[in-house]
Amino acid sequence: MQIEHTPFEGLFIIKPAIFKDDRGYFLESYNKEKMQKHIQDDFVQDNESCSEKGVLRGLHFQTPPFGQSKLIRVIKGSILDVVVDLRKESKTYGQHFKIALNEDNKYQFYIPVGFAHGFVTLSDDTIINYKCSAFYKPSSEVSILWNDQTLNIDWGITNPTLSKKDLVGLNFSDFSSPF
């Protein structure tokens, strides 16, 4: 398992060792002992979603004291995963980071508390699994508009399928970070 730093403090890409043979493959998707140098979270909830191509979910986060760190991985299909740094004291505040996660590279993406998270699916029947460090609290969830002009994120898609919640997110310029 290889853990790579990104230009954003605390944001990591995890590249598993994949062992393949004529039967298929094996990989270790999570090992607390190997990751504890970089990730100190105790994950309390696992979530899974399945989406068709062109579905965009995000940009979501939970406010303190219910902030969530996440460990994202794609089981089937492909996504463009995007985060926005919401930590006011961070040198990357208001900037975004993108990564392609898919069933072939089997990368995982660790997102600490203080980031908004979203993704767009690049193939049909894409299955995403992610660990969370806090339980889901609907009253604590906030959405920032996926197509916010200030953030200027190139999602590689112009007309995604969105939920009602994602159609009415906050503009980043109207947002006051609690982080």
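The values are calculated or read from the model by the stated rules, or taken from the named source; none is laboratory data. Treat the numbers as computed from the prediction; the structure is a model and nothing was measured. Here Cβ is always computed from backbone atoms with ideal geometry, including for glycine, and neighbour counts include all displayed protein chains.
A compact table of results
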| read-out | value |
| --- | --- |
| Residue within the range 72-83 that is touching a residue at least 60 places away in the same chain (Cβ under 8 Å), surrounded by 20 or more Cβ atoms within 10 Å (Cβ to Cβ), aliphatic (A, V, I, L, M) and not in a strand (DSSP E or B) present | no |
| Residues that are surrounded by 15 or more Cβ atoms within 10 Å (Cβ to Cβ), hydroxyl-bearing (Ser, Thr, Tyr) and more than 17 Å from the chain's Cα centre (by Cα), drawn from the range 125-179 | Ser140, Thr161, Ser177 |
| Some residue of the range 164-178 being modelled with pLDDT of 95 or more, aromatic (Phe, Trp, Tyr) and touching a Phe, Trp or Tyr at 6+ places or on another chain (Cβ under 9 Å) | no |
| Single residue of the range 1-26 satisfying the filter (among the hydrophobic types (A, V, I, L, M, F, W, C) and surrounded by 15 or more Cβ atoms within 10 Å (Cβ to Cβ)) that is nearest to Gly94 (Cα to Cα) | Phe8 |
| Test: Val83 is closer than 20 Å to Ile153 by Cα and touching a strand residue (DSSP E or B) at 6+ places or on another chain (Cβ under 7 Å) | yes |
| Unique match (being in a strand (DSSP E or B) and among the basic types (Lys, Arg)) among Lys20, Lys34 | Lys20 |
| Residue among Gln45, Gln95, Gln68 that is surrounded by 14 or more Cβ atoms within 10 Å (Cβ to Cβ), modelled with pLDDT of 95 or more, under 30 Å from Asn171 (Cα atoms) and not hydrophobic (A, V, I, L, M, F, W, C) | Gln68 |
| Residues that are closer than 18 Å to Phe179 by Cβ and without any contact (Cβ under 8 Å) to a residue 24 or more places away in the chain, drawn from the range 139-163 | Ser139 |
| Residue in the range 90-104 that is farther than 17 Å from Ser176 by Cα and of a type in the set (Phe, Trp, Tyr) present | yes |
| Ile14 vs. criteria of a type in the set (A, V, I, L, M, F, W, C), more than 20 Å from Ser143 (Cα to Cα), at pLDDT 95 or above and in contact with a helix residue (DSSP H, G or I) (Cβ under 8 Å, 6 or more places away or on another chain) | yes |
